[in-house]
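Engineer: The structure's right below; bear with me while I get my questions together.
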Amino acid sequence: MPLDSAIRAQMAGLAQLSLDPRQRVLAAVSGGPDSTALLVALREEGFRVVAAHYDHALQPGSALVADHVARGSRQAAARTLRYDFLLRAAAQSGASAIALGHTADDLVEGAVMHLLRGCGIAGMRGMPSRRGIFVRPLLGVWRTEVLDFLDRRGIGAVADPANTDTTYARVRVRSELLPALERDRPGITRRIHAAALRAAGLQDQIELQAAALLSSAPLTTAAVATLSEPVAVEVLRQLYTRAAGVEPALARTHLMAMLRLIRGGSGGRGVDLPGGLRFRVVAERAQIVPRVPPPMELSLATRSCDGCDDAEAAHLQSGLILSLGFRQPGLTMRPAPGRGTRKLQDIFVDAHVPREDRDTWPLVFAGRRLAWVPGVAVDRDLRANRGETSLHVTVTRILSSGLQKSPW
């Protein structure tokens, strides 16, 4: 296949990424060869293109790259921009997709780096051709084809200073490890590329299975127990993505720790995750919650009640003077049903209340006596008997975002 045809074939393949020339595409612009070729090819194929460049100012000469792009050259394109900047730029320009200039060489380098760290099928694919609004149309085009594409058009590109800095692991893989492997096993680079593409196909199937499971019902330990490890790991990754919004990367160590917890760990423990989040298992249900609970105020409400089935309320004896408080050393209760007095700590453990929630869990006191732990236990000596007039007691959480009443 002629070298120009290789890139044109990739542009034709954009239909498989749900793109067509009538849509506006944001091309992330660095001015390097790969992203320059992407921008030129998109324009030649008739796409409505908007170019965006973000200068990190981290490398000597990066200002020169910014100047090159700022001159309005059509050759400018992108490779290494921050996703939040690109998302803002896409929103401002009305773009429906953000095109990145990664090539087949980048795919191989990514796969090798993941293998060196230890990875599953998702890592073996190197990088996805699409994730959300981001697309990579050139993963089947080699860097030599990119350079020839530009040379035929007499288009220059600005070299990224970071691409020769061997303090970066990717540069060492590109300039040292892969050439050594290719000398010892000629053709291995293309074989790795083919393996990565096969892994991408398998990962696509796994992602569909995981998305279907998460859409059907809340995630439970029983549901995860029936899954193969690749599908279970992908379920947990997607669960995290839904909580985190724009996706920070989860390391495989995070995912495996989450999987160990959900497959055999008891409630009340968790795994700290990037983005200020925490994964935990509560009463057989897997959850991702803020590591630091959001600021809130609590409201205690009481009224007379002749009996109702409000599951979010407690029914205590009339005449009690109630107040709100929190955990303190030595608290005990005589929980119903059952006999004897129990420590609040033991009540929390039996109810699988996560450790990080126990200090902020609201408690209702009658005088100095613990009367009700909302959603967990009520004191059997202070609760009202069925059929008699009682105090209908509720606790409402008022978050900074407004009023929110949650079942305890």
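Engineer: Find the residue count for segment 337-359, including only residues that are modelled with pLDDT of 90 or more and either of a type outside the set (A, V, I, L, M, F, W, C) or under 14 Å from ARG369 (Cβ atoms) (or both).
Structural biologist: Adding up the residues that qualify gives 6.
Engineer: Give the residue that is least open to solvent (accessible area, probe 1.4 Å), with candidates limited to residues of segment 152-161 that are within 12 Å of SER30 (Cα to Cα) and either aliphatic (A, V, I, L, M) or in contact with a strand residue (DSSP E or B) (Cβ under 8 Å, 6 or more places away or on another chain) (or both).
Structural biologist: Per the stated criteria, the residue is VAL158.
Engineer: With the condition kept exactly as written, say whether any residue in segment 233-241 is in contact with a strand residue (DSSP E or B) (Cβ under 7 Å, 6 or more places away or on another chain), modelled with pLDDT of 85 or more and at negative phi.
Structural biologist: yes
Engineer: Among the numbered criteria (1) aliphatic (A, V, I, L, M); (2) open to solvent by 60 Å² or more (accessible area, probe 1.4 Å); (3) modelled with pLDDT of 80 or more, which one does ALA52 miss?
Structural biologist: Of (1) aliphatic (A, V, I, L, M); (2) open to solvent by 60 Å² or more (accessible area, probe 1.4 Å); (3) modelled with pLDDT of 80 or more, only one is false for ALA52: (2).
Engineer: Of all residues in segment 121-151, how many are surrounded by fewer than 19 Cβ atoms within 10 Å (Cβ to Cβ), of a type outside the set (A, V, I, L, M, F, W, C) and farther than 20 Å from GLY187 by Cα?
Structural biologist: 6
Engineer: Suppose we keep only residues that are assigned to a loop (DSSP other than H, G, I, E, B) and farther than 22 Å from GLU297 by Cβ within segment 342-354. Which one would you say is most open to solvent (accessible area, probe 1.4 Å)?
Structural biologist: Only one residue fits best here, namely HIS352.
Engineer: Go through segment 76-178 and tell me which helices (runs of 4 or more DSSP H), entirely inside it, have 1 or more residues that are free of Cβ contacts under 8 Å to residues at least 40 places away in the same chain and not aromatic (Phe, Trp, Tyr).
Structural biologist: Passing ranges, in order: 83-93, 104-117, 143-153, 169-172.
Engineer: Which one of these does GLY387 not meet: (1) of a type outside the set (A, V, I, L, M); (2) surrounded by fewer than 12 Cβ atoms within 10 Å (Cβ to Cβ); (3) outside any loop (DSSP other than H, G, I, E, B)?
Structural biologist: Every condition holds for GLY387 apart from (3).
Engineer: Going through segment 285-318 one residue at a time, which ones are assigned to a loop (DSSP other than H, G, I, E, B) and in contact (Cβ under 8 Å) with a residue 60 or more places away in the chain?
Structural biologist: Within segment 285-318, ARG291, PRO293, PRO294, PRO295, ASP306, GLY307, CYS308, ASP310, ALA311, GLU312, ALA313, SER318 qualify.
Engineer: How many residues does segment 320-341 hold that are farther than 19 Å from GLU297 by Cβ and either part of a strand (DSSP E or B) or touching a residue at least 60 places away in the same chain (Cβ under 8 Å) (or both)?
Structural biologist: 4
Engineer: Determine which member of the set SER62, SER35, SER30 is in contact with an Asp or Glu (Cβ under 7 Å, 6 or more places away or on another chain), modelled with pLDDT of 80 or more and of a type in the set (Ser, Thr, Tyr).
Structural biologist: So the residue among SER62, SER35, SER30 that is in contact with an Asp or Glu (Cβ under 7 Å, 6 or more places away or on another chain), modelled with pLDDT of 80 or more and of a type in the set (Ser, Thr, Tyr) is SER30.
Engineer: Okay, next question. With respect to ARG280, determine if the residue is modelled with pLDDT of 85 or more, in contact with a helix residue (DSSP H, G or I) (Cβ under 9 Å, 6 or more places away or on another chain), on the phi < 0 side of the Ramachandran plot and outside any strand (DSSP E or B).
Structural biologist: Considered against the rule, which asks whether it is modelled with pLDDT of 85 or more, in contact with a helix residue (DSSP H, G or I) (Cβ under 9 Å, 6 or more places away or on another chain), on the phi < 0 side of the Ramachandran plot and outside any strand (DSSP E or B), ARG280 comes out as no.
Engineer: Here is a further query. For residues in segment 9-27 being at pLDDT below 75 and open to solvent by 30 Å² or more (accessible area, probe 1.4 Å), which is nearest to ASP160 (Cα to Cα)?
Structural biologist: This residue is GLN10.
The values are calculated or read from the model by the stated rules, or taken from the named source; none is laboratory data. If you're wondering where the values come from, they're calculated on a predicted model, not measured in any experiment. Note that each Cβ is placed from the backbone with ideal geometry, even for glycine, and that neighbours are counted across all protein chains shown. Keep in mind that these areas ignore ligands, DNA and RNA; they rest on the heavy atoms of the full protein, side chains included. Shrake-Rupley method; radii C 1.70, N 1.55, O 1.52, S 1.80 Å.
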